[in-house]
């Protein structure tokens, strides 16, 4: 029986994050680019929602928090693959 997935498509930065946590430092620019693009999207969303104070700080903080989660998730999966 096929396993059901909650999210059939990975996050856009998952491939680069996976490479980075496995030691491929050439993925660092891609991770930084997706984080910057995510900060832009968050900032635009905040502006459209009416937020006017601290938008850059909060957008960057939100993007970094998401990227930290993605890197942690990929590290956890890489660790599980290494253990068998």
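Here, each number is a calculation from the coordinates, and none is a lab measurement. Note that this is a predicted model, so its numbers are computed, not measured. All Cβ positions, even for glycine, are placed from backbone atoms using ideal geometry, and neighbour counts span all protein chains on display.
The angle between the Cα long axis of helix 55-83 and the main principal axis of the chain comes to about 0°, on a 0 to 90 degree scale.
The shape of region 25-83 comes out prolate: with a ≥ b ≥ c from the C-alpha gyration tensor, a/c is at least 1.5 and a/b beats b/c. Dividing the helix sum by the residues of the chain, where each DSSP H run of 4 or more adds -39500 (n - 2.57), gives a mean residue ellipticity at 222 nm of -23500 deg cm²/dmol.
Here the spin labels are modelled as points 7 Å beyond Cα on the Cα-Cβ line, and at residue 48 and residue 24 they lie 3.2 nm apart. In plain terms, the chain from residue 77 to residue 65 could stretch by 2.5 nm, reckoned as 0.36 nm per residue minus the Cα-Cα distance.
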